[in-house]
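Notes follow the structure.
The values are calculated or read from the model by the stated rules, or taken from the named source; none is laboratory data. Just so we're clear, the structure is a prediction, and the values are computed from it rather than from any experiment. The area values use the complete protein model at the heavy-atom level, side chains included, leaving out ligands, DNA and RNA. Shrake-Rupley method; radii C 1.70, N 1.55, O 1.52, S 1.80 Å.
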Amino acid sequence: MDMTEDNDILLKQFFQEASQQQIADNDFTERVMQSLPQHSLLAAHRRLLTRLWTVFCILVFAILFVLFDGWNLLAVQLEVMVKTMAVQTINVNLLMVATILFGLLFVGVGEVISSETVRR
C-alpha cells in the first residue's frame, strides 16, 4: 500500500463517521426547507429562456444545414473519404466544418447557461 491509498482509506473512514452524526436542531432545518419557495417565478423564467435558447440554436443549425445543402455535402464527403481513404488525406469542406462548429457552439453555450441556472 502506498501513501495515497492510506490517505483514501483514512478519508473514507472520517467521512463515514461524520455522515452518521446527528445534530439536534429542534427541527430547524426541516422548517427552513419547508419555508423555501418550491418553484419561484424567476426559476421558471430561467427554464423557459434556457429551453427557448436551445430551440433557437437547433433551428439556426437546421436552417444553416438546409441552406448549405448539408445532406449532399455529407454524402460527397463520405464518398470522397471512402474512395480516397487508402490513397491520400481527406479533403474537408471548411464551410461545413464551420457550420457544425457554429451549431455546437450555440448548443454548448445553451447547456452552460442551463447548468448555471439550475445551480442557483
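Put Ser19, Ser115 in order of accessible area, highest first, and with a 1.4 Å probe you get Ser19, Ser115.
Carbon-plus-sulfur fraction of the accessible area of the chain, 1.4 Å probe, in percent? Don't skip to the answer; put the middle values down first.
Details: 7040 of 10400 Å².
Accessible surface attributable to carbon and sulfur in the chain totals 68 percent.
Counting heavy atoms of the protein chains alone, Lys83 has an accessible area of about 140 Å² for a 1.4 Å probe.
Counting heavy atoms of the protein chains only and a 1.4 Å probe, report the per residue accessible area for the chain as a whole number of Å².
Working: 10400 Å² over 120 residues.
Heavy-atom accessible area per residue stands at 87 Å².
In the context of the full protein assembly, Leu10 retains an accessible surface of approximately 110 Å², using a probe radius of 1.4 Å and ignoring ligands and nucleic acids. Counting only protein chain heavy atoms and rolling a 1.4 Å probe, the accessible areas of Trp71, Trp53 rank, largest first, as Trp71, Trp53.
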